[in-house]
Amino acid sequence: MADKFISKIPDGPLAEKWTKRKSEIRLVSPNNKRKLEIIVVGTGLGGASAAATLGELGYNVKVFCISDSPRRAHSIAAQGGINAAKNYQNDNDSVYRLFYDTIKGGDYRSREANVYRLAEVSAAIIDQCVAQGIPFAREYGGYLANRSFGGVQVSRTFYARGQTGQQLLLGAYAALNRQIAAGTVKSYPRHEMLDLVVINGEAKGIIARNLVTGKLERFGAHAVVIATGGYGRTYFLSTNAMNSNGSAAMQCFRKGAYFANPAFAQIHPTCIPVHGDQQCKLTLMSESLRNDGRIWVPKKMEDVMKLRKHEIKPSQVPEQDRDYYLERRYPAFGNLVPRDVASRAAKERCDAGFGVNETGLAVFLDFKDAIERLGKQRVAERYGNLFQMYEKITASSPWEEPMMIYPAIHYTMGGIWVDYDLQTTIPGLYAIGEANFSDHGGNRLGASA
């Protein structure tokens, strides 16, 4: 087994590893690229971007989508933003600080070389997104706007209101469609990967089911890229789409690809609490809401009981009787502590009996101070669609009363083991995005998916 776990991390200082690897990597000439075929399974942000980029480079790409369109990928549910070390706010951000925040947020369990590369290329990713026409929020003067996320003390998150994933996916989808029209990418919608084809120890294709006809079909290639996301649906209730069940990654595992850190599943602190016994999934409320929202529970048990019985409204709890427990415990970060810390703190308060809904499994996320400080229009510009979504689901307006939130399964940091080149233990099989394990350790930093 030991001979398979060769990470291929270049020697030298962290800041020089990626540059060194690029200078050493074997190249493929343009004429030879046209002779090579690559299969990409998955059409979320990772898969669609990879397929479009490989097509642009001149490879022949076959891309497989389990839904009827890449626009239905679960990436569309990402809300808060995307991190990049551009230091637009002049708050002392840097590539190293993004690297350090990611490593620390992941409980020091990430592969450092991969994380540093992620921080290095982050600025170029934003430039590419802008070139694709992603409508990031902008300041009055036209500069791209930033906001902060949990676990950091700088503002480096680029966003498009609460719909960042949707806008990024539309940009990737447009780039993919361009390559489909150019003939370098062939799209196979409504196809589900059922098996990995391995010949002489190398990945050479996949077996897929045509979900329209029900027939099994085989597809060959010189390399296979798995970009099918995580396995959050293996838990009873999560914020993930129903297709996020890890089935493609499991097929690779059964053929010999090793899996790493399967127990590393992230609990997101800001989700709408369970509100019935017929639910099949939970709804995420973006972490960006913790920029301006304040999390609290009542200090007095008598207020808790009145809230549960609907005898008083949350807004009627006096300020001096509110326990802003994150601000009290973690003054340096306040409500923007890392996700795992915020989730554990919410559960601790609810386990202690201070949960504020009928089940005792909810805390408040309050925007009263933000509305008074910024005005309703500014808050609506930042979070308007999230407020609308919350009100539609719960029939309670965040403009009038605090949101109720509770932690839920959200993201899986574990995944298929890969080396520095993102190749698995099966030669020719690659795993990217949430499907692999390499970047996030024991807890993903918000907006660094």
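General remarks:
- Residue in the range 38-52 that is surrounded by fewer than 22 Cβ atoms within 10 Å (Cβ to Cβ) and in contact (Cβ under 8 Å) with a residue 12 or more places away in the chain present: no
- Residue in the range 121-139 that is out of contact with any strand residue (DSSP E or B) (no Cβ under 7 Å at 6 or more places or on another chain) and either on the phi > 0 side of the Ramachandran plot or in a strand (DSSP E or B) (or both) present: yes
- As for the range 388-398, it holds no residue that is surrounded by fewer than 23 Cβ atoms within 10 Å (Cβ to Cβ), in contact (Cβ under 8 Å) with a residue 12 or more places away in the chain and touching a helix residue (DSSP H, G or I) at 6+ places or on another chain (Cβ under 7 Å).
- Qualifying positions in the range 53-65 - within 21 Å of the chain's Cα centre (by Cα) and surrounded by fewer than 24 Cβ atoms within 10 Å (Cβ to Cβ): 53
- Filtered by the rule that a residue be among the basic types (Lys, Arg), exposed (fewer than 11 other Cβ atoms within 10 Å of the Cβ) and either not assigned by TED's automatic domain parsing to the domain that holds residue 260 or not in a loop (DSSP other than H, G, I, E, B) (or both), the range 1-37 gives a lone residue, 22.
- Condition met for residue 286 (under 34 Å from the mean Cα position of the chain (by Cα), buried (at least 18 other Cβ atoms within 10 Å of the Cβ) and either at negative phi or not aromatic (Phe, Trp, Tyr) (or both)): yes
- Within the range 229-255, considering residues that are modelled with pLDDT of 95 or more and farther than 19 Å from residue 413 by Cβ, the one surrounded by the most Cβ atoms within 10 Å (Cβ to Cβ): 251
- Qualifying residue in the range 61-74 (condition: touching a helix residue (DSSP H, G or I) at 6+ places or on another chain (Cβ under 8 Å), more than 27 Å from residue 161 (Cβ to Cβ) and in contact (Cβ under 8 Å) with a residue 60 or more places away in the chain): yes
- For residue 190: the one exception among (1) within 25 Å of residue 33 (Cβ to Cβ); (2) touching a residue at least 40 places away in the same chain (Cβ under 8 Å): (1)
- Output for the range 144-168, where each listed residue is over 19 Å from residue 105 (Cα atoms) and assigned to a loop (DSSP other than H, G, I, E, B): 145, 146, 159, 160, 161, 162, 163
- Test result for residue 199, over 20 Å from residue 126 (Cα atoms), without any contact (Cβ under 8 Å) to a residue 24 or more places away in the chain and of a type in the set (A, V, I, L, M): yes
- Some residue of the range 229-252 being touching a strand residue (DSSP E or B) at 6+ places or on another chain (Cβ under 6 Å), of a type in the set (Lys, Arg) and farther than 30 Å from residue 380 by Cα: no
- Considering residues of the range 145-167 that are surrounded by 24 or more Cβ atoms within 10 Å (Cβ to Cβ), touching a strand residue (DSSP E or B) at 6+ places or on another chain (Cβ under 7 Å) and of a type in the set (A, V, I, L, M, F, W, C) only, the residue nearest to residue 331 (Cα to Cα): 149
- The one condition from (1) over 16 Å from the mean Cα position of the chain (by Cα); (2) at pLDDT below 95 that residue 81 does not meet is (1).
The values are calculated or read from the model by the stated rules, or taken from the named source; none is laboratory data. All figures in this text were calculated on a predicted structure; none of them were measured in a lab. Glycine gets a Cβ as well: all are built from the backbone with ideal geometry, and neighbour counts include every protein chain shown.
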